[in-house]
Amino acid sequence: MTPIIVANWKMNPKTFKQAELLFANLAKQFFLASKADIVICPPMIFLPVLKSKAPQLKNFFWGAQNCHWERFGAYTGEISADLLKNAGCRYVIIGHSERREYLKETDEMINWKIQAAFKAGLRSILCVGEKEGEEMALTVEKQIRSGLKNVSSDAAKNLLIAYEPVWAIGSGQPCSPDDAMGAALFIKRVLTNLYDRRLAEEIKIIYGGSVDVQNAAAYFIEAKMDGLLVGGVSLMAKEFGRILKSIQQLYP
Ligand code: PGA
């Protein structure tokens with residue numbers, strides 16, 4: 001399976017100038033990971049400008065950090081999956097814990113968004129993960145079952161699941177590769193029950209939460225993840241490049 005590294009810039013950086021500089025510096029590192037797919041998810045307002053500077057690489061894609069579930073209409077401030085697709089996105093992150101927490105996104109809304117993303121031809125990256133004190137299996141199973149309610153096998157083929165324990169995000173306290181592997185195996189089991197084994201095997205499981213240069217490779221080697229969702233470190237071009245390099249070495 002082709003590994004995938006997704007960069008989530010969140011609401012950063014502060015200016016177009018900084019965004020252009022950051023992207024230019026990140027793009028210089030892309031050659032370090034010819035064996036992986038690389039997805040950059042900037043704030044959407046930057047996309048048209050950055051797109052004009054994007055390298056023509058087969059393994060490079062744009063992603064969005066959210067979408068709305070309706071195709072168009074009176075939804076002030078929202079961006080539809082169709083608009084994202086039109087703007088050049090291939091991926092969309094759905095159900096990030098920051099949106100669940102600060103914007104009160106529910107599993108039901110997340111489910112609608114996944115359906116909308118599929119109809120628009122986008123690949124969804126569904127984020128799941130427990131909060132501090134919650135039991136991983138209980139939370140994750142509920143999030144997956146509700147998030148994928150009535151999602152067809154065809155749509156599920158376009159799906160990735162990001163296991164992101166909330167307590168690990170931006171905290172500098174990453175999940176141990178051992179626990180991440182346990183979560184990935186559990187997610188595969190839930191997917192097998194929802195669909196079938198073959199489809200469950202096809203769906204990539206990626207890890208996110210305080211990924212850095214030191215721990216990135218371990219999520220592939222020890223936790224058998226198919227990819228990473230990188231927040232903070234995706235704003236540091238050199239470090240991000242070192243993550244790409246450490247992954248490349250695993251895929252001769
Ligand atoms: P982090 O963020 O790498 O800064 O912990 C990950 C994420 O929120 O996707």
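A few points about this structure:
- Probe 1.4 Å, all protein chains present, accessible-area order of 169, 205, largest first: 169, 205
- Here the accessible area is traced with a 1.4 Å probe on the protein chains. For the stretch 21-70, carbon and sulfur cover 62 percent of it.
- Of all accessible heavy-atom area on the stretch 144-251, the percent that carbon and sulfur account for (1.4 Å): 49 percent
- In the full protein context, the stretch 55-157 carries 53 Å² of accessible surface per residue, based on a 1.4 Å probe and ignoring ligands, DNA and RNA.
- Amide H contacts of residue 37 (H built 1.01 Å from N, under 5 Å, at least 5 apart or other chain): 4, 5
- Averaged over residues, the count of other Cβ atoms within 10 Å places the peptides 18-26, 155-163, 90-98, 102-110 in the sequence 90-98, 155-163, 18-26, 102-110, highest first.
- Counting Lys and Arg as +1 and Asp and Glu as -1 over every other residue whose Cβ lies under 13 Å from the Cβ of residue 81, the net charge comes to +3.
- Under 14 Å, Cβ to Cβ, from residue 239 - net charge with Lys/Arg +1 and Asp/Glu -1: +3
- Cα centroid separation, the stretch 190-242 to the stretch 102-158 (Å): 17 Å
- Computed magnitude of the charge dipole of the stretch 182-230 (debye, nearest 20; Cβ of K, R +1, Cβ of D, E -1): 180 debye
- Close amide-amide hydrogen proximity is noted between residue 64 and 91, 92, 93, each under 5 Å apart and 5 or more residues distant or on a separate chain (H modeled in the peptide plane; Pro and chain starts excluded).
- Per-residue 3J(HN,Hα) values for the stretch 181-196, derived from phi via the Karplus relation 6.51 cos²θ - 1.76 cosθ + 1.60 with θ = phi - 60°, read 5, x, 5, 4, 5, 5, 4, 4, 5, 4, 5, 5, 5, 6, 10, 8 Hz in sequence order (x marks Gly and Pro).
- Environment charge at residue 112 (Cβ cut-off 13 Å; Lys +1, Arg +1, Asp -1, Glu -1): -1
- Here the Karplus curve 6.51 cos²θ - 1.76 cosθ + 1.60, taken at θ = phi - 60°, turns the phi angles of the stretch 7-23 into couplings of 9, 9, 6, 6, 9, 9, x, 8, 10, 4, 4, 5, 5, 5, 5, 4, 5 Hz, with x standing for Gly and Pro.
The values are calculated or read from the model by the stated rules, or taken from the named source; none is laboratory data. The structure displayed is predicted, hence computed values, not measured ones. For neighbour counting, all protein chains shown are included, and Cβ atoms are generated from backbone atoms with ideal geometry for every residue, glycine included. For accessibility, only protein heavy atoms count, side chains too; no ligands or nucleic acids. Shrake-Rupley method; radii C 1.70, N 1.55, O 1.52, S 1.80 Å.
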